[in-house]
Amino acid sequence: ILERYTDRYSRSALVVLATGLGKTVTAAEAVRRIRAQSTRPLRVLVIAHTIDLVHQLERSFWPFMSSEDASCIVGGGEKPSSYDELLKYAFVFAVRDSIFEAQERSLFPNEIFDIVVVDECHHLGSRTYEAVLDGLEAGTKSGPFLIGLTATPWRPGGESLGPRFDDPVVQV
């Protein structure tokens, strides 16, 4: 993932690992390494489609965060009092639909993130996920680096993840 991040022609990385083999740990360690090499603080957005997954992801990332890193959750009734306060957090863990709703109301600060991690990225292709990633410009030349995590490298309808990702950087 680090090699893809530093490759100026690549703006995304796909991790395909079977359930229980460490997709989240792989992403969290990659994010830790990317942030450690950066000359400036990097802000990370981690997205999942349910609040339970968001809580699980936050707990899994904690060992890879420094003691100075603050995190918050957006979704399931949890969020800072204002979306402007997201600037205070190095890590934001959010439910896709909560981001989508805030983007629809022009409240979500799309431009503040450097890395976007999408858990269960085989859900991409849905109208809300595509709108969220388009709003963030994730995986584009001018937007944040995109990391996708999945056990199934295709969408439920059998479509490829190719529009957002090249070949997987890890696949087991």
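The values are calculated or read from the model by the stated rules, or taken from the named source; none is laboratory data. Since the model is a prediction, treat every value here as computed from it, not as a measurement. Counting neighbours? That spans all protein chains shown, and the Cβs are built from the backbone with ideal geometry, glycine included. Note: areas computed on protein heavy atoms with side chains; ligands, DNA, RNA excluded. Shrake-Rupley method; radii C 1.70, N 1.55, O 1.52, S 1.80 Å.
Which one of these does SER67 not meet: (1) surrounded by 14 or more Cβ atoms within 10 Å (Cβ to Cβ); (2) without any contact (Cβ under 8 Å) to a residue 24 or more places away in the chain; (3) of a type in the set (S, T, N, Q)?
Condition not satisfied by SER67: (1).
What single numbered condition from (1) over 15 Å from LEU136 (Cα atoms); (2) out of contact with any helix residue (DSSP H, G or I) (no Cβ under 6 Å at 6 or more places or on another chain); (3) open to solvent by 10 Å² or more (accessible area, probe 1.4 Å) fails to hold for ASP114?
Here ASP114 meets the rest and fails (1).
Of the residues that make up region 25-40, is at least one open to solvent by less than 50 Å² (accessible area, probe 1.4 Å), farther than 13 Å from PHE113 by Cα and among the β-branched types (Val, Ile, Thr)?
yes
Limited to region 117-128, what total is found for residues that are buried (at least 21 other Cβ atoms within 10 Å of the Cβ) and assigned to a helix (DSSP H, G or I)?
Total satisfying the criteria: 1.
The rows are residues; the columns are (1) of a type outside the set (Lys, Arg); (2) within 12 Å of the chain's Cα centre (by Cα); (3) modelled with pLDDT under 95.
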position: GLU104; (1), (2), (3): yes, no, no
position: ILE112; (1), (2), (3): yes, no, no
position: VAL117; (1), (2), (3): yes, yes, no
position: CYS121; (1), (2), (3): yes, yes, yes
position: VAL132; (1), (2), (3): yes, yes, no
position: LEU136; (1), (2), (3): yes, yes, no
position: THR140; (1), (2), (3): yes, no, yes
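Here is a check on your reading of the model: is LYS79 over 28 Å from ALA36 (Cβ atoms) and in contact (Cβ under 8 Å) with a residue 12 or more places away in the chain?
Here the answer is yes, as LYS79 does meet what is asked.
Among the numbered criteria (1) touching a helix residue (DSSP H, G or I) at 6+ places or on another chain (Cβ under 9 Å); (2) free of Cβ contacts under 8 Å to residues at least 24 places away in the same chain; (3) closer than 15 Å to GLY148 by Cβ; (4) acidic (Asp, Glu), which one does GLU120 miss?
In the conditions (1) touching a helix residue (DSSP H, G or I) at 6+ places or on another chain (Cβ under 9 Å); (2) free of Cβ contacts under 8 Å to residues at least 24 places away in the same chain; (3) closer than 15 Å to GLY148 by Cβ; (4) acidic (Asp, Glu), GLU120 misses (2) alone.
Check region 89-111 and report whether any residue there is touching a residue at least 40 places away in the same chain (Cβ under 8 Å), farther than 16 Å from SER12 by Cβ, open to solvent by 40 Å² or more (accessible area, probe 1.4 Å) and not in a loop (DSSP other than H, G, I, E, B).
Looking for residues that are touching a residue at least 40 places away in the same chain (Cβ under 8 Å), farther than 16 Å from SER12 by Cβ, open to solvent by 40 Å² or more (accessible area, probe 1.4 Å) and not in a loop (DSSP other than H, G, I, E, B), one finds at least one in region 89-111, hence yes.
Does SER12 satisfy the criteria of being of a type in the set (Ser, Thr, Tyr) and over 15 Å from the mean Cα position of the chain (by Cα)?
For SER12, the condition - of a type in the set (Ser, Thr, Tyr) and over 15 Å from the mean Cα position of the chain (by Cα) - is not met.
Of the residues LEU45, LEU21, only one is in contact (Cβ under 8 Å) with a residue 40 or more places away in the chain and open to solvent by 40 Å² or more (accessible area, probe 1.4 Å); which?
Result of the check over LEU45, LEU21: LEU21.
Check region 147-154 and report whether any residue there is modelled with pLDDT of 80 or more, over 18 Å from VAL44 (Cα atoms), surrounded by fewer than 19 Cβ atoms within 10 Å (Cβ to Cβ) and touching a Ser or Thr at 6+ places or on another chain (Cβ under 9 Å).
Yes, the conditions are met somewhere in region 147-154.
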